[in-house]
Structures are given as structure tokens and as C-alpha cells.
Amino acid sequence: MIEITKLEKAFGKNQVLKGVDLHVKESGICAILGPNGSGKTTIIKSILGMVIPDGGNIEVGGEKIKGNWLYRNQIGYLPQIARFPENLTVAEVIKMVKDIRNEPADEQPLIERFGMKPFLNSRLSNLSGGTRQKVNLVLCFMFNAKYIILDEPTAGLDPIALISLKELINEERINGKVILLTTHIMDLVEELADEIIFLLEGKIFFRGTLEDMQEMTGEVKLERSIAKILMKNSEEHKEMESLPN
Amino acid sequence: MRYLIFMFFFLNVISIHATELEVCESCIYTSIKAAIEDSNNGDTILVKSGIYKEGNIIINKKLTLIGYEWPIVDGENDNEIFTITADSVRMEGFQIQNVGTSYRVDRAGINVVRSKGVVIINNRLINTFFGIYLQKSSHCLIKDNVILGEAIAEISSGNAIHLWYCKNMSIEHNIIKKHRDGIYLEFVDHSDIINNVTEDNVRYGLHFMFSDNDTYVGNTFRNNGAGVAVMFSKNILMKENHFDRNWGTSAYGLLLKEIYDSEIINNRFTTNTTAIYGESATRLKITNNTFEQNGWALRLLGSSMDNTISANNFFNNTFDVATNSSRNYNVYTGNYWSEYAGYDLDKDGIGDVPHRPVKLFSYIVTRSESSIILLRSPFVDLLNFAEKVTPVFTPATLVDDRPLMRPNL
Amino acid sequence: MIKIFKYSFFDLIRSRWSLIYFLFFAVTAGSLLYLSNDVGRAVVSLMNIIIILCPLIATMFGVMYYYNSREFIELLLAQPIRRESILLGQYFGLTISLTLSFVLGLGIPFLFYGILGSIALTNFVVLLLAGSLLTFTFVALAFVIAVKNENKIKGFSLAIFVWLFLAVLYDGLFLLSLFIFEDYPLDKFSLIMTTLNPIDLSRILIMLQLDVSALLGYTGAVFNKFFGTSIGFIVSLSCGLFWVIIPVLSMVRLAKRKDF
């Protein structure tokens, strides 16, 4: 389980997270949504220890992460942009990450699933963006990590790979993994997410299942629900500004 | 036939007169002095090994003194040891040691006074204040001697070979260390200094004062205050010498002061603080020398004129040429400069662009000593380059218009 | 750290740039040797090139490499490994591959010309040492700058400026101050100024080999002691090492606090 309490983070003057409390369940898929700059990536990076919070506490699997780095062997992470040392081959990069984690990995099924076999010995500088993203997927899923964090997992993937990925995510859910997901593709959320967390201006605005959200906004489509929330929010802003001092 | 008889008779007379006197503990003569006393002109005195402490020994007859198995003649840190006042004396095979330092008298291991044709060969002089001192003498040969001093300061030390008012002398193959001057010449004309090695002297390896028409060839001057100093002299030929590692605050390979009409040919100057320093050096030919890794290769002050510097090799000196004047009265031509960055399109072996060997930085260093620490800094290179393009401080006419592309070896 | 080092080293050693850097030095050294036909002289000519070029290349590659591998660093950060290990691993990977290109690039032509039996061997070794020290220092400085500045253009400009300042401007200001205060004894001042600039330190290391003859012509007692004994070499070398250690440590310190 991932336990976040009162998480705060500012970049310069920009207060990105204003006291976020978040509890992620023991299993299932949790989608973190929100407009640009709402703090999705910051939360994810905080969990991974890439961003050092100004305040609050994060626990992963019962371990506080502050000053700790070993907890990360429970996490598989898929970053947004896939870039690797250009002169290494795919096989070498896989070997490198295995070396670093020093734990058993099962990359063969993933390589086959995403059709990576022909690329294993080519240098990463020669690969297309989509293929590199597949390398990323292999690296993320090849360990039997309890927590899987996916930051925009669909970027650059072709439809076939996308289907494979969805299957993979579902399988992992069945295996009892905890999956955190950010994405702009709402279809993906509707299809996969057990729980939705909607961030707005550094706080959790909404938290619940897809049905909860439909109920709240009265819209069936998730995309519309979100658009409605955002519009309402900006109207409130205007009202606040027009109030006499 | 008559001649033959005469010759026979004559030789007989000589052989009768030229006796050999032996000196040793168990010989007829137990002291050198006694043997000299009893000898006649033309005799040979054979001194066998042993230690002889006899004070000042005066040789006033035409004698040949031969040391057998290195007899030691000791001055007990007091007296002068040998004083030669006769012509054609020959001394060979002695170890002469311990002449006391004196601030009043120039005491020596061997002092030759007003004599001709004296030959001093293959002796060892150790700690003799002045080693071999010759005054008002001529046609002498000083050869194969080893002269080791213990000089520390200039004021309390003497010269290894000291010549004063002499003519036609030859000084060859001697090894000289740790004196004030290795070889000192004052008013000495028509003399040759050949193949000597002089090292570690407090002042100069070889020192000319008011001496003309002399030659020195094939000598090595290493680690002296200055390798050679030539002052107030003219017509000196300096050839094929090696000036090496004469290091220090005012150390020079070759120090020239008031010298005229001389030639410096085929010498090698390596790792001296200043290879050649010239003050009022006039009408010199500096040709075919090699300057390698010296601090300053040529430092000619403004008072030096009409010198020709040609066909020399300048390799990796910190400064090739330095001067204190903004004008140039000397000719530089056909030298090889390892720093030269020009090109040779017509392939005649001569660079198409003239070379300016004086760097601006050498002026800067003269003004502010500490700036030497910026030597070889890219910034300093920039300054030097700018100065080369448009000379402001350095003499505009100090240019080698025919720089060689390849060393002249 | 060793693991990261291993892979980034393998990555870099195969890169085109390593080869270009290696070839540059090999060709330069080879042609200098061919033209002068003397190892001693070639060493002197190389010195100027090294003083300017090693820091420049190290700075450029340092900044470029850091910015290019930012995303990869993020991937690594998500792995169970210390932050400082990642950065140190990458630092050593880059530095050592650059140093290797440099040392081999110069070393191979000189070996062919028989540097081993030459009297210029010490000079050559000091030259390699100075160039390597500069590489270590300037890659670290470049990393510090890049870690501090997310903006690539800003980081690049700053790094180039630091290089320009230390390589050229610093000495200009230094010389100017020597002239302004010429009435005072400046031996100590100038030695201290030198230790504050890694390029000057490397220059002194080489100077102590090539220009002893000139350096001994100076009267100042401090200079005489510094240049005339092995003190100069020892002091310059240890200050040079400080110039590696301090930027590396501050790089580690920055990395610990940085948000990626």
C-alpha cells in the first residue's frame, strides 16, 4: 500500500502540491487525473524519490521513503519519455537494469509480447520512439514488482502494442499488483481504472470510482465529466475575482 | 763521419749530465727540496709515492719532476706548494693538496713565475685555493690535470687555473671543479683553451679579462655561475663548446661585456638560465650554434651592435631573443626557430614570412618579475600574438627575414 | 556506482565523439611529430593545445552528456540505487572515457616515435597528467553547472563562460593586478592566485618541466623555493587534485537535494 500524508511541494514560488493525502489500496488500478500543472507528475516523482517534498510523509509498503532507496525495488516505473544511452544495445540496457536491481527478472515473455526480438542487438540510437517506449515497458514490467507506476504509458505506441499493453495491465491487476497511472487518454481510464483521483490546483478534488464521478457530474462520458468540473471551477474563480473587496 | 763522432760525443755529454734523482722514504733523497738542491739543469727528479710535507718548494732549475704512483705533496693548509721560476720545467704525476686560503696572497698549488715553456701534465690538485697560477710566462702547456676545489663563496676562493700577463699558452683536457673561476685569463694573448671540462664553479667556468686573440674550443662548462665570461677583450674565437645547465638568478652560459670582433661558432647551449648575455658586444659573428631549452637564448642589450646572428638553431627556449631596446642594430638571418609558425610555399626551405623572435612577454617579465608565473598562459600567447602582428614595444626591425623551415644540423 | 560507471563508460567509448576526440589527438600528435621529428619539441607544441582544449572539450561534453542523459537518469532514479551513485557513475564514465581518448590519442603516436627511451618522457608524462587533471576538473564543473541549471541554453552558456574565464580572462586580470600592485612584493600573491585556477595549476606543472632554466632566473625567495625544489610540483599537483575533489563533492551535494 502507498500512504501519502500532507504532501507539500513548491518549485520556486509555484506551490504545486498543497497538502495531498492519498491512500492507495492493496491492489487495483488507480488513475491520477488532472489538468496540466495540477501536480500529477510531482506526486509520482515524489513517490519515486526523484522529487524531494517540502513537507508531508510518504510510505511505500509500510516503509518511509525519506532517506531510503532500497524500497524502490518494489516499484516498476515507466517514465513519459524513453531515452537511453545511445550506444548501448537493447539487450545491454536490459542487462544493465537487471544488474542494478540485482533481482530475478523475467523479460523473455515481454520481449515476445512486444515483438522486440529483432531489435535486441541494435543500438538505441537507431530505434524509433515507439520502439524505445517498448524497451521502457519491458524494463518496467520485467521485475515482479508489487507497485507499478505508469506515466503516460501510451505515448508513441502503435495500436497493436497498445492492445498488448492493456492486456498486460489487466493481467497484472489480476496478479494483485498496485498500479498507479497517469494519462490523458480517458478511454484508457474508463477501460481500466478501479479508482480515479482527480487533482486540481495541488489538491485532491475528487476521489472515487468511475460511477461516483458519473453520479457527481451527471455525465456518462469521463471526458465530459472532467470538462464540466474544470469549467465550473473557472467560473467560481471569476466570481471570486468580481466580488467587491 | 766527423759529424757522427761529434754527435756521439755530444750525446755522451748529455747522458753524463742528465741524472735522475730519486726521492722516497728509503732513497738517498727523502725530500723533494733536497733533491732540487742537489740537481742541475736538465735533471729528472723521480718522486715515489709517499706524503711530502715540505712547505713551499721552489723550482729554480730546468728540471723534470715526475711523480711515481701519485706522491702526495701536502701544504698543510698553509703555504703555497710549488713555485716555478725557471724555464722548461716539467711536472707530472703529483697529487698536490691543501693550500691554505688567504685573503692577502694568491697562494697556489703550482705557481709559475716569469718562465717559458713550462709543462704541467697529469697532476691532481685538491683543495689548493689557487690551483695552477701562471704569471708573466709564455709558451706553457697545462694538460690533463684534475683540479678540485672546495669553493663555497666567491670571496674566500681562488681560481683553478689563473693566468696573468701571459702569451702563447695552451690549456688542454683539464677537469676543473668548485673554484671561484675555473680558468681565469687577465692580459693573456694568443692562447688556446681546448677540451677542458669546468663545472660547479662559484663564479665563471672560464673568464677572460683584457685578453685578445685567444681561442677556446671543445670545452664543457656546466653548472657554473656563468659558463664563460668574456670582458674587455677582442678577437676571441669560441668554437664547439658545450654550455650546460648554468642555472641561477644571474647565471649565464656565456656572458659578454665589451667584447669586439669575435666569433661564436658551433657551440651548444642547453638549459642555461641565459645562454648568451651581451652588453656592448660588438661585431660578433654568432653562427651555427644550437640553443636548446634555455630560459633566454640570446639577451643582447641595446648597447650591442653590428652583430650577425645567422644559421643558429633555437629549440624550445622560454625566450629566444630578448633586448631592452626598442631599436635593433644587429642582423638576424637564416636561423631555425622552433617557434616559427610560417609556411614555405616555394619549398626552398626558407619560410616565406619573416619571424619576429622577440616576445612582448619578455618585456612584461622584465617589468614585473612575478608575472613569470603566467608564462605559457593562453592570455599571454594572445598578447604575444598581437604584438607580433603590430609591434609596439619590441623592435620593429628585429626580424629574421629568412627563417629556416628545418633545423640546420 | 561501479555498475553505472561500467555501462556509461561502455556507452561513451563506443560513441562517435570518443573516436573523433581520439583521432584529433592522434592526428595532431602524429603530425607534430612528423613535422618536428623530435619528441621533445612536439611535447612543447602540444602543451598549448592541451591547456586550452582539454578543459573546453571536457566542459562541452560534460554539459551535453548530462542534458542528453537526463531522462535516462530519471529512469535510473526509479531504481533501487543511491542518487549520488548514479551521478558519480556517469561522471566517472564520461571522465574516464575522455581521458582514455586523450591519453591513447597522444600516447600511440608518441610510442611509435620512441617516447619511452627519450629524455622527454617525464615531460610527456606530466603533459598527460595535466591534461587528465583538467578533464576531471572540468567535467565535474560542467556537471555542477548542468545540475544547477535545468535550462540547457543557460547551462551551456554558463559552462562556456566558466571555461573562457578560467582559460583566458582570469590570467588577464591576474596580469593586470600584478601591474597595478607592482610596488609590492607579489611572489606569494601570484602563487595563491595560481592555485585558485585549475588551468593555471596544470600550466605550472608543465612549466616546471619545460622552463626551469628561466624560472630559476628569478630572485624572489618564495619563487626560488617553489620553482627550485620539488615543492612546486607537489603543491601544484595537490591543489590540482583539490580542484577535482571539490567540484565532485559539490556535484554530489547538489544531486542529493535536487528535484528531477
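The values are calculated or read from the model by the stated rules, or taken from the named source; none is laboratory data. Only a predicted model underlies this, so the values are computations on that prediction, with no experimental measurement involved. Quick reminder, even Gly has a Cβ in these numbers, built from the backbone with ideal geometry, and neighbours come from all protein chains shown. Heavy atoms of the whole protein, side chains included, go into the accessibility calculation; ligands, DNA and RNA do not. Shrake-Rupley method; radii C 1.70, N 1.55, O 1.52, S 1.80 Å.
Points worth noting:
- Selected residue [more than 14 Å from chain C (Cβ to nearest Cβ), over 21 Å from the mean Cα position of the chain (by Cα) and charged (D, E, K, R)] from A:K117, A:K98, A:K177, A:K166: A:K117
- Residues (within 19 Å of A:E167 (Cβ to Cβ) and in contact with a Ser or Thr (Cβ under 9 Å, 6 or more places away or on another chain)) located in region A:178-191: A:V178, A:I179, A:T183, A:I185, A:L188, A:V189
- Some residue of region C:159-172 being assigned to a helix (DSSP H, G or I), aromatic (F, W, Y) and under 26 Å from C:R83 (Cβ atoms): no
- Check on A:I229, among the β-branched types (V, I, T) and modelled with pLDDT of 85 or more: no
- Long-range neighbours under 7 Å by Cβ, at least six apart or interchain, first residue open to solvent by 20 Å² or more (accessible area, probe 1.4 Å) within region A:96-122, second assigned to a loop (DSSP other than H, G, I, E, B): A:A105/A:M142; A:D106/A:M142; A:E107/A:M142; A:F119/A:L127
- Test: residue in region A:76-94 that is open to solvent by 20 Å² or more (accessible area, probe 1.4 Å), free of Cβ contacts under 8 Å to residues at least 12 places away in the same chain and assigned to a helix (DSSP H, G or I): yes
- Residue match in region B:280-298 (condition: crowded, with 21+ Cβ neighbours inside 10 Å and of a type in the set (S, T, Y)): no
- Verdict on B:S303 being at pLDDT below 95 and more than 14 Å from every other protein chain (Cβ to nearest Cβ): yes
- Exactly one residue out of B:N307, B:N317 is farther than 26 Å from C:V43 by Cβ and open to solvent by less than 10 Å² (accessible area, probe 1.4 Å), and it is B:N307.
- Residue selected from region B:50-66 under the condition surrounded by 15 or more Cβ atoms within 10 Å (Cβ to Cβ) and more than 22 Å from B:V113 (Cα to Cα), by the criterion farthest from the chain's Cα centre (by Cα): B:G50
- Condition check for B:R376: in a loop (DSSP other than H, G, I, E, B) and farther than 30 Å from C:A221 by Cβ: no
- Helices (runs of 4 or more DSSP H) contained in region C:1-115 and holding at least 2 residues facing chain A (nearest Cβ under 9 Å), within 29 Å of C:L249 (Cα to Cα) and touching a strand residue (DSSP E or B) at 6+ places or on another chain (Cβ under 9 Å): C:70-77
- Cβ pairs under 6 Å, 6+ apart, first in region B:382-409 and more than 18 Å from B:N330 (Cα to Cα), second of a type in the set (G, A, S): B:M405/B:G349; B:M405/B:G351; B:N408/B:A311
- Complete set of residues in region A:1-43 that are in contact with a helix residue (DSSP H, G or I) (Cβ under 8 Å, 6 or more places away or on another chain), within 25 Å of A:E171 (Cα to Cα) and of a type outside the set (A, V, I, L, M, F, W, C): A:S27, A:G28
- Matching option when the condition is within 14 Å of another protein chain (Cβ to nearest Cβ) and within 26 Å of the chain's Cα centre (by Cα), among B:I276, B:I286: B:I276
- Within region B:164-188, considering residues that are among the aliphatic types (A, V, I, L, M) and within 17 Å of B:F221 (Cβ to Cβ), the one most open to solvent (accessible area, probe 1.4 Å): B:I175
- Residues in region B:17-49 that are in contact with a Ser or Thr (Cβ under 8 Å, 6 or more places away or on another chain) and open to solvent by less than 30 Å² (accessible area, probe 1.4 Å): B:L21, B:V23, B:C24, B:S39, B:D43, B:I45.
- The residues listed here are A:N73, A:N14; of these, the one that is open to solvent by 10 Å² or more (accessible area, probe 1.4 Å), within 11 Å of chain C (Cβ to nearest Cβ) and among the polar types (S, T, N, Q) is A:N73.
- Criterion violated by B:K257 - all others in (1) within 14 Å of chain C (Cβ to nearest Cβ); (2) farther than 24 Å from B:S170 by Cβ satisfied: (1)
- Selection from region C:86-98 of residues that are open to solvent by less than 20 Å² (accessible area, probe 1.4 Å) and over 11 Å from C:F22 (Cβ atoms): C:I86, C:L87, C:G89, C:Q90, C:Y91, C:G93, C:L94, C:T95
- Test for B:L255: is it touching a residue at least 40 places away in the same chain (Cβ under 8 Å), under 22 Å from B:F210 (Cβ atoms) and open to solvent by less than 30 Å² (accessible area, probe 1.4 Å): yes
- Residue check, A:R83 of a type outside the set (A, V, I, L, M, F, W, C), at negative phi, in contact with a Pro (Cβ under 7 Å, 6 or more places away or on another chain) and at the interface with chain C (Cβ under 8 Å from one of its Cβ atoms): no
- Taking region B:334-362 as the range and being open to solvent by 40 Å² or more (accessible area, probe 1.4 Å) and either in contact with a Leu (Cβ under 6 Å, 6 or more places away or on another chain) or more than 12 Å from chain C (Cβ to nearest Cβ) (or both) as the test, the residues that pass are B:L345, B:D346, B:K347, B:D348, B:D352, B:V353, B:P354, B:R356.
- Among the candidates C:P247, C:P198, residue that is in contact with a Gly (Cβ under 9 Å, 6 or more places away or on another chain), modelled with pLDDT of 85 or more and under 22 Å from C:M60 (Cβ atoms): C:P198
- Hits in region A:121-152 - residues which are of a type outside the set (A, V, I, L, M), out of contact with any Ser or Thr (no Cβ under 7 Å at 6 or more places or on another chain) and more than 16 Å from A:K98 (Cβ to Cβ): A:S125, A:N126, A:S128, A:G129, A:G130, A:T131, A:R132, A:Q133, A:K134, A:K146, A:Y147
- Filter result for B:S138 (over 22 Å from the mean Cα position of the chain (by Cα) and small (G, A, S)): no
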